[in-house]
Amino acid sequence: MSAGRPLGVGFLGAGPVVQTIHLPTLARMPDLLVPVSVMDVNADLSEAVAGRVGASHTTSLETILADPSVDVVAVCSPQQFHAAQVVAAMRAGKRAILCEKPFATSADEASQIAKASADTGVPVIVGTMHVFDPAWIAVRRAWGDFPAKVRSVRSSIVLPMNDRFEDWSTEVVGRPAMDFEMPGEMTPELIRQMFDGLILGLAVHDLPLIRTFLPDYAELEVLSARQLAPFGYMVGGRAGDCAIQLVGTMHGHGEPYWELEAVAEDEVLSIRFTPSFVHAGSAVATIINRDSGARQFGPYDHNGYESEWRALHTAALGDRRDIPDPSALIADLAFVLDVAAKATASAIGDLP
Amino acid sequence: MNTALTIGSQEPGLLTRFGRTLASLPVSYTAAAPDSVPQVMLISGEGEWARRGADAIERGCAAVIIVDPGMTSAEQIVELADLAERNGSIVECVERYAGDSTLLQHRRDLTQHLVAVSAIILTQIGDFQNPASAALDMVRTLRALGQTVAIDKLWTTAHSVGIRGTSGTTLIEGLATAGTVAVGQRIQALGFGRTLSMTLHGDGSARPSDIRIANMKGERKWPGVYQSADRAAWRRIVASMAVSTSPDVSGLRLFADDVTKIGRL
């Protein structure tokens, strides 16, 4: 391949994430990556979305995997299809894969991806944009031994409904209906479905970051887990000597509050993220030390979406320095699944 | 004519706070002579503060101010309330978070808004005597916000304490961590149509806390009150002593209830 030719990107899925996040991001780096094909089971949707960027469209996974103009595959389908599609793209000889979070829904699926990546040498990254946020990356480089000192970590995701931000990013077509009815009577199966959806759909954004502060993350204990109406969770617990508080909910007014905080005896890290979907620069990270005062990182002019695509491009060309090791992705997923399973068990334990 | 109340402090450790607040209320208070029984006595909230408060009343003090009251015997608090009621004595608590001047200024409005939220989340950073006292700090703030909290779980790590409970149908979650940076208490109350955010400094200063509400009209900051919790408590004593009605010890009895709740866990 010529070093000067941008890599072609094929999308599996054409929903709001592709329309609002990935296509606007790629539009800012046409020298590196260009959309060349869009696949969706909804033919009208794939045609409409592909037409915006001059890409081809299809309803067939096989077609997009066989397309030689597709160098990189972005898996943006419903999460239950992620693992199989990632493995298929690797086996098809693509140069790199971006998979939306979560990249699998079980440890077994994660192992299949790891094996396929090892067999084929194809790099994969997960679209956890906060892992790639420039403010997070900058503060990580500067924080020294801070993670080892953390006593508690808190994630608070309090956001308006997605459509508000999607509409500020692009003109969305084919938006799926949102329905957040709380069921009248909770059953163990309903609780499991709710926490799977909440943890794998919302908390998943920050759990890889939280794991950074938890050397004993495998010893996670969830001591409280409750649903918030109409859509949300409150989870409390501990892992070793570190306490954890996770809150996520969506509301009907306009102000977003997305914060991550880690507390040590003499130092506090606080990160304020922008909402999902918007393209308004990076988060702002502030680390305050009792002796040396406050240091602020960001806001930078680009966000984690752009960083993740740049990292993927570099990895596709053979330099993997900017992407997480597959073992870290698997550990992240294991942690996410563990949180979901233990939150479910805790909530079921509270049933009368 | 000098009508100032005489005030004294039981513990030398309170003298810095004492001096700072006395300087801000020079008309209402004057320091008691060393060998006299002051009309108002400051008492540290550590250990058996309720018993020491009762001792002060029995020695003739007309009022006592309990500074940063922590966990103690609920029975002793009730005995203090009974004694104050019998003697017509006043007992005021200076609580660094629950007694925050900005919070108290807006308490009525906040309480009304909190009717429409489904969850209240507290996080606290600071020193604490023990996990139970940190939990008590959080419960007391909720009490100040008009919440009658039932706590059903309390858990700890080496440096943190978590609580979980309800107030009516509102879910309550709290996490306090021992630390020396970004000290204070943050409260976030979540409703579909509004989010309330409060940052209480709890540092004994007159720096106003930050209280905001976000709704469809946007985010609005409420006016701050530039008065320490100490000064506000001293002023309440002046106001109470200016009227001849029986002292209201219901707040003290509620404090005993909160201590009992935490003690059970």
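The values are calculated or read from the model by the stated rules, or taken from the named source; none is laboratory data. If you're wondering where the values come from, they're calculated on a predicted model, not measured in any experiment. Here the Cβ is made from the backbone with ideal geometry for all residues, glycine too, and neighbour counts use every protein chain on show.
Only one residue in A:Val34, A:Val38 is buried (at least 24 other Cβ atoms within 10 Å of the Cβ), free of Cβ contacts under 8 Å to residues at least 60 places away in the same chain and not in a helix (DSSP H, G or I). Which one? Explain how you work it out, then say what you get.
On the way: A:Val34 fails: buried (at least 24 other Cβ atoms within 10 Å of the Cβ).
Answer to the check: A:Val38.
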Matching option when the condition is among the aromatic types (Phe, Trp, Tyr) and in contact with an Asp or Glu (Cβ under 9 Å, 6 or more places away or on another chain), among A:Trp136, A:Trp168, A:Trp143
A:Trp143
Kindly indicate which of A:Leu65, A:Leu61 is aliphatic (A, V, I, L, M), surrounded by fewer than 23 Cβ atoms within 10 Å (Cβ to Cβ) and under 23 Å from the mean Cα position of the chain (by Cα).
A:Leu61
Sort out which residues of region B:57-87 are buried (at least 20 other Cβ atoms within 10 Å of the Cβ) and charged (D, E, K, R), and write them in order of number.
B:Asp68
So which of A:Val235, A:Val222, A:Val278 is crowded, with 18+ Cβ neighbours inside 10 Å and within 17 Å of the chain's Cα centre (by Cα)?
A:Val278
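Quick grid of which residues meet (1) more than 22 Å from A:Val284 (Cβ to Cβ); (2) at pLDDT below 90; (3) hydroxyl-bearing (Ser, Thr, Tyr):
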residue: A:Trp143; (1), (2), (3): no, no, no
residue: A:Phe146; (1), (2), (3): no, no, no
residue: A:Glu185; (1), (2), (3): yes, yes, no
residue: A:Asp196; (1), (2), (3): yes, no, no
residue: A:Ile199; (1), (2), (3): yes, no, no
residue: A:Leu220; (1), (2), (3): yes, no, no
residue: A:Gln227; (1), (2), (3): yes, no, no
Whether any residue in region A:115-134 is surrounded by fewer than 23 Cβ atoms within 10 Å (Cβ to Cβ), touching a Ser or Thr at 6+ places or on another chain (Cβ under 7 Å), farther than 24 Å from A:Leu12 by Cα and not β-branched (Val, Ile, Thr) is what I want to check.
yes
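Name the helices (runs of 4 or more DSSP H) wholly inside region A:67-142 in which the number of residues that are under 23 Å from A:Ile157 (Cβ atoms) is 2 or more. Walk me through how you get there before you give the answer.
On the way: elements: A:82-91, A:107-120, A:134-142.
Output list reads A:134-142.
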First in region A:316-345 and within 17 Å of A:Asp196 (Cα to Cα), second anywhere and of a type in the set (Phe, Trp, Tyr), Cβ under 6 Å, 6 or more apart
A:Phe335/A:Tyr217; A:Ala340/A:Phe195; A:Ala343/A:Phe195; A:Thr344/A:Phe195
Filtering region B:130-149 down to residues that are over 12 Å from the mean Cα position of the chain (by Cα) and hydrophobic (A, V, I, L, M, F, W, C) yields B:Ala132, B:Ala134, B:Ala135, B:Val149
What number of residues within region A:259-295 are more than 10 Å from every other protein chain (Cβ to nearest Cβ) and assigned to a loop (DSSP other than H, G, I, E, B)?
12
Identify the residue in region B:238-265 that is at pLDDT 95 or above and crowded, with 18+ Cβ neighbours inside 10 Å and, among all such residues, is nearest to B:Ser24 (Cα to Cα).
B:Leu252
Out of the residues in region A:307-344 meeting the condition of being among the basic types (Lys, Arg) and not in a helix (DSSP H, G or I), tell me which one is nearest to A:Ala74 (Cα to Cα).
A:Arg320
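With under 17 Å from B:Val117 (Cα atoms) and surrounded by fewer than 19 Cβ atoms within 10 Å (Cβ to Cβ) as the only criterion, which of B:Gly146, B:Gly165 stands out? I'd like the intermediate steps shown before the answer.
Working: B:Gly165 fails: surrounded by fewer than 19 Cβ atoms within 10 Å (Cβ to Cβ).
So the residue among B:Gly146, B:Gly165 that is under 17 Å from B:Val117 (Cα atoms) and surrounded by fewer than 19 Cβ atoms within 10 Å (Cβ to Cβ) is B:Gly146.
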Those residues of region A:87-114 that are hydrophobic (A, V, I, L, M, F, W, C), out of contact with any Ser or Thr (no Cβ under 7 Å at 6 or more places or on another chain) and more than 19 Å from A:Asp322 (Cβ to Cβ) come to a total of 9
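If we only count strands (runs of 3 or more DSSP E) wholly inside region B:56-168, which ones have 1 or more residues that are within 11 Å of another protein chain (Cβ to nearest Cβ) and within 21 Å of B:Gly45 (Cα to Cα)? Before the answer, list the steps.
Working: elements: B:63-67, B:90-94, B:119-126, B:150-156, B:160-167.
Per the criteria, B:119-126, B:160-167.
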Please specify each residue of region A:41-57 satisfying the condition of being buried (at least 21 other Cβ atoms within 10 Å of the Cβ), touching a helix residue (DSSP H, G or I) at 6+ places or on another chain (Cβ under 9 Å) and either not aliphatic (A, V, I, L, M) or not assigned by TED's automatic domain parsing to the domain that holds A:Leu98 (or both).
A:His57
Which condition breaks for A:Gln85 when tested against (1) without any contact (Cβ under 8 Å) to a residue 24 or more places away in the chain; (2) touching a strand residue (DSSP E or B) at 6+ places or on another chain (Cβ under 8 Å); (3) not basic (Lys, Arg)?
(1)
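In the set B:Gly193, B:Gly179, B:Gly224, which member is touching a residue at least 12 places away in the same chain (Cβ under 8 Å) and under 19 Å from the mean Cα position of the chain (by Cα)? Step through it out loud before you land on a result.
Numbers: B:Gly193 fails: under 19 Å from the mean Cα position of the chain (by Cα); B:Gly179 fails: under 19 Å from the mean Cα position of the chain (by Cα).
Residue meeting the stated conditions: B:Gly224.
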Regarding region B:176-189, can at least one residue be identified that is more than 14 Å from chain A (Cβ to nearest Cβ) and at pLDDT 95 or above?
no
